[in-house]
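Following: one structure in structure tokens, then a few remarks.
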Amino acid sequence: MRLSLLAALAAAGLLILASLAPVHTAGAQDGPDRLKAVLAQMDAGSAKFHSAEAKIEKQQFEKIVNDTTTESGTIYFLRSGNSTQVGARFDPPNAQTLEYRNGVARLYSAGTNQIKTYSAGQNQALAQTILALGAGGSGRDLAANWTITDQGTEKMSDGSRMVDVEKLDLVSKDANVRSTYTHITMWIDPLRDISLKQVGFTPSGDTQTTIYTNIRLNQPIDFKAYAVKCKGKCS
């Protein structure tokens, strides 16, 4: 399974800044001690995390053609132990529905009325590492898999109110991830252990930005709304 597909889910994915652009309020504080405190907050939030559903916007910038494409829709994260299940729906004109569970991703495209299946295979643990960036991943696991630079505390809207977020820049300790993303910057609400924004930077200079808003934490999810199925018979 292509790592970029999974990253699109968690980095999920990645979006438009618009009115949600963060307002800088403080630089990195107390160095390692500040980061330890943030990771501890994430650990506590992860222990309470079960699910999250949110609006998602993605903005893909391709440097070689100097072009940006934008998508919007909804996404959910469901965690059980160290496993993350993800489903996403994207609005027209690029209407797609995607679900990832048990190491398999299924992608339905309304334009072709086809379903494509991707297997994470031996990369399932790596896929879970990427998906955990979206919501519910522990600070302990984050530190184990990424080299983290704390870039300070900021204020950001989650769609309903302003919240304190920590801006963390992540460099993967896995060469396979670094070949796709040289680094990922995320703005995380450590108390709820949910990411509000992520930017992935590729070796070619492309960027993928994602913003999550209107987040519903630990609320029932209508999984039927994310069902990956063709309209009538698949073409």
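Please enumerate the residues belonging to region 143-164 that are assigned to a loop (DSSP other than H, G, I, E, B) and surrounded by 19 or more Cβ atoms within 10 Å (Cβ to Cβ). Spell out how you get there, then give the answer.
Residues of region 143-164 assigned to a loop (DSSP other than H, G, I, E, B): 158-161.
ASP158 - this is the single residue of region 143-164 that is assigned to a loop (DSSP other than H, G, I, E, B) and surrounded by 19 or more Cβ atoms within 10 Å (Cβ to Cβ).
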_Residue in region 208-224 that is more than 20 Å from the chain's Cα centre (by Cα), closer than 23 Å to ALA95 by Cβ and in a helix (DSSP H, G or I) present_ = yes
*Return the pairs, sorted by first residue and then second, in which the second residue is outside any strand (DSSP E or B) and of a type in the set (Phe, Trp, Tyr), the first residue lies in region 183-207 and is touching a residue at least 24 places away in the same chain (Cβ under 8 Å) and closer than 19 Å to LYS173 by Cβ, the beta carbons are less than 8 Å apart, and the residues are 6+ apart or on different chains.*
GLY200/TYR181
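Those residues that are surrounded by 17 or more Cβ atoms within 10 Å (Cβ to Cβ) and not in a loop (DSSP other than H, G, I, E, B), I need them from region 119-142; list them, please. Steps first, please.
Going residue by residue through region 119-142, those that are surrounded by 17 or more Cβ atoms within 10 Å (Cβ to Cβ) are 120, 123, 126-139, 141-142.
The answer is ASN123, LEU126, ALA127, GLN128, THR129, ILE130, LEU131, ALA135, GLY139, ASP141, LEU142.
Rundown of residues vs (1) among the β-branched types (Val, Ile, Thr); (2) closer than 24 Å to LEU126 by Cβ; (3) buried (at least 22 other Cβ atoms within 10 Å of the Cβ), yes/no style:
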position: SER172; (1), (2), (3): no, yes, no
position: THR209; (1), (2), (3): yes, yes, yes
position: ASN218; (1), (2), (3): no, no, no
position: LYS224; (1), (2), (3): no, no, no
*Of GLU53, GLU62, which residue is at pLDDT 90 or above, surrounded by 13 or more Cβ atoms within 10 Å (Cβ to Cβ), touching a Leu at 6+ places or on another chain (Cβ under 9 Å) and not hydrophobic (A, V, I, L, M, F, W, C)?*
GLU53
*Starting from region 27-49, take each residue that is outside any loop (DSSP other than H, G, I, E, B) and among the basic types (Lys, Arg) and list its partners that are surrounded by 14 or more Cβ atoms within 10 Å (Cβ to Cβ) and modelled with pLDDT under 90, counting only C-beta distances under 8 angstrom and pairs at least six apart or across chains.*
ARG34/ALA28
*Looking only at region 105-112, decide whether some residue is touching a residue at least 60 places away in the same chain (Cβ under 8 Å), farther than 22 Å from ALA127 by Cα and either hydrophobic (A, V, I, L, M, F, W, C) or assigned to a loop (DSSP other than H, G, I, E, B) (or both).*
yes
*asked:* Being of a type in the set (A, V, I, L, M) and under 16 Å from ALA54 (Cα atoms) is true for just one of ILE188, ILE184. Which residue is that?
replied: ILE188
*Considering region 190-203 alone, what residues qualify as being crowded, with 22+ Cβ neighbours inside 10 Å, in a strand (DSSP E or B) and of a type outside the set (A, V, I, L, M)?*
SER195, LYS197, GLN198, GLY200
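The values are calculated or read from the model by the stated rules, or taken from the named source; none is laboratory data. On a predicted model such as this, the values are computed, not experimentally measured, just so you know. Note that each Cβ is placed from the backbone with ideal geometry, even for glycine, and that neighbours are counted across all protein chains shown.
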